[in-house]
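**Q** Would you mind keeping the following structure in view while I ask a few things?
We did not get these values from a lab; they are worked out from the coordinates using the rules stated. This structure is a prediction, so every number in the text was calculated from the model and none was measured. Glycine gets a Cβ as well: all are built from the backbone with ideal geometry, and neighbour counts include every protein chain shown.
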Amino acid sequence: MRAGFYPKLAFDGIRKNKRMYIPYILTCVGMVMMYYIISFLQYSDTVVYLKGSGTIKSMLGLGSWVIAIFACIFLFYTNSFLIRRRKKELGLYNILGMGKRNIGLILLWETLIIAFISLAAGLFFGFAFSKLAELGLANMIQQDTNYTLSVSFDAIGMTLILFGAIFVLLFFNSLRQVRFSSAVSLLKSENVGEKPPKGNWFLGLLGILILGAAYYIAVSIEDPISALLWFFAAVIMVVVGTYLVMVAGSVLFCRILQKRKGYYYKPNHFVSVSSMVYRMKRNGAGLASVCILATMVLVMISSTTCLYFGCEDSLYSRYPKEINMDYRFLSAKDMSDENISALRSDILNVTEDYDIKPDEIFDYRTACIAGLLEDNEVECDSSYMNYSNMVSYSDVYQFYFIPLDDYNRMMNTSETLKDDEALLYVYRDDYNEDTISFNRAGSFKIKKHIDKFTDTADAALSMIPSMFLVVPDIEKTVENFQNIAYDDGSMMINLRWQYNFDTGLDKEKQIELYNELESFYQNNDSSGIFKIQYIESRAENKDDFYATFGGFLYLGIILSIVFIFAAVLIIYYKQISEGYEDQARFEIMQKVGMTKREIRKSINSQLLTVFFLPLIGAGLHLAFAFPIIQKLLMMFNLFNVTLFAVTTIISFIVFALLYTLVYKITSNAYYNIVSGAKDKV
């Protein structure tokens, strides 16, 4: 055969099936572009110099792996639509005398053409939009960057290697399907599976039970740690349950519609339901895939948007004051009034150089220990804790003991306590008992439940709930815990003094003061009474916060775009493949008197019957996922439920509008196929 014969056949095959190939190629281009952009940002010299670059690069690295894995799985999935549509044409080539080797050469050239177009166009658009993406990232994390265009050869190399490998695997997968199929089976491939499937009540009920269990987990979890541990299990259960319900349940749904004579025996319902029931097993898998992708998009966008717009709240929870100082002591005697006064003097000596006096001061001593709370009994023994944490993690608390004098001074109150009494404030949980008892360390009667207490950075940072007990004598309380120690003999209880204050300085001056305080204690430990000391600055860490939360939102947007591409393409191919399958049926119906208007009504009936099931399912999943995601957001010190509810509702409305637009476009494509025979191969 003369040169160019196989490339011409391959190009003609793509051109004649452009309705199938153009969306596939556009998706490949989009995947290549997205992967290059996220890889470009990962290796960008500009990103390296942004504050919080370490966090951003880690997120981008995770995102590149997610896109790589998803691109491989999804392109295999969509390629199956193409090869199924082409099998009849390839079978005809085989009957006309073309061998499997020759057909393999056609498939090879098709793969090469698609790979070249996808990589060339994808990298071109990647180059074009990479700087825009970099500027968008910098703006999202509230930092400045330059406007110099650049190209990352590392990102180009990774993109070529990844998608080159994917296209090679796609070629061998297509070749395998043709190689092990006879000419007759290739010709009849579009009619495979035309036997009406039977509804499987067992699988349908099993799917409902699995979904119910996942929903129960999501709504019953009460603390962030449990939410983190159970989240991925709940996700897997939702995925499995969705597929079982939509594959088995969709068949049952169509059977039920057929038994409703008042609904079924109408022109606009009869054809649509009878068509759906033949392919609902395969159709259900596609609907389930769209439902899962839609849920992923909604969860990512709503949660990351909430994190981004709630960043300021989270920052102020983590760093309640502009300067936050934490001193750790070896003994309760070292926390005497004399020693604490000396430390205050050191701090004031440094702040005087900046002509400021600490304002809005939080100044108090604490003794803290972790324990397992069961009813009103607390077990703090290390060996018991190590075992119990694995099975009763939701009952683990951090307990803070605060001297009454410090509490009254800080909160401007005049509370009094007997030796066995305490005031109680609970953070991230509730406790309604009248007493609380610590194993081998005494018990306290709860004189009063405090509704409000100062925000503490330590409690905000901890994933477990905290209890603050105001006690009359801190030294006596610490003595009771002397016999509770780690295996190496060191005390489990930590002794600390918190000194947090505002300065009224601008951001740069706050950072200067923070550095001066750090330098002072590194070189001038005049007291020698504390074993370690931490200083944290809100201004110093603000950029890292925005880098983290902005990075989450940016990654959420990138991945959502990729998943929306996938969902739209699945919907489109579902409509196109079903259109070609139904074309012959509608031709017959037109010959016996069915009008174009009745065809349109039948199509609308069919599409509306099943098309919005994934959207409804995604909305249901999102509603039940709301409580567990809200608990996960608490780990980022984000407690604004209203903000999360608003971002969730807006995300769903926007996605529903986009989904409706896709319905409008794909329903027109379906109608154009079934209403005429011009697209038949």
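**Q** For the stretch 1-192, what does the alpha-carbon gyration tensor say about shape, rounded, prolate or oblate, given a ≥ b ≥ c as the root eigenvalues, a/c under 1.5 as rounded, and a/b over b/c as prolate?
**A** Working: a/c = 3.28, a/b = 2.66, b/c = 1.23.
In terms of gyration-tensor shape, prolate.
**Q** Can you pull out the trypsin sites (Lys or Arg not before Pro) in the stretch 53-129 that DSSP calls coil and that have at most 15 other Cβ atoms within 10 Å? If you can, show how the numbers build up before the last one.
**A** Values: sites: 57, 84, 85, 86, 87, 88, 100, 101; in loops: none.
Sparse-neighbourhood loop trypsin sites (Lys or Arg not before Pro): none present.
**Q** Another question, then. Could you give each residue of the stretch 106-119 its phi-based ³J(HN,Hα) in whole Hz, using Karplus coefficients 6.51, -1.76, 1.60 with θ = phi - 60°, and x for Gly or Pro?
**A** With the stated coefficients, the stretch 106-119 comes to 4, 4, 4, 5, 4, 4, 5, 5, 5, 5, 5, 4, 5, 5 Hz.
**Q** Next question. Enumerate the amide H contacts of residue 443 below 5 Å, restricted to partners 5 or more residues apart or on another chain; note that Pro and chain-start residues carry no placed amide H.
**A** Long-range HN contacts for residue 443: 438.
**Q** Near residue 323, within a Cβ-to-Cβ distance under 9 Å, what is the net charge of the other residues, with Lys and Arg +1 and Asp and Glu -1?
**A** Details: positive: 321, 538; negative: 322, 502, 536.
Counting the neighbours of residue 323, the net charge comes to -1.
**Q** Let me have the relative contact order for the stretch 323-502, percent, based on Cα pairs under 8 Å that are six or more residues apart.
**A** Details: 310 pairs, mean separation 65.7, N = 180.
Normalised by residue count, the contact order of the stretch 323-502 is 36 percent.
**Q** For the stretch 339-344, just list the computed ³J(HN,Hα) in residue order, Karplus coefficients 6.51, -1.76 and 1.60, θ = phi - 60°, integers in Hz, with x standing in for Gly and Pro.
**A** 5, 5, 4, 5, 5, 4
**Q** Mind giving me the FRET efficiency for residue 201 and residue 352? R0 is 51 Å, r the Cβ-Cβ distance, nearest 0.05 is fine. Display every interim value, and only then the final one.
**A** Numbers: r = 80 Å, r/R0 = 1.56.
The computed FRET efficiency comes out at 0.05.
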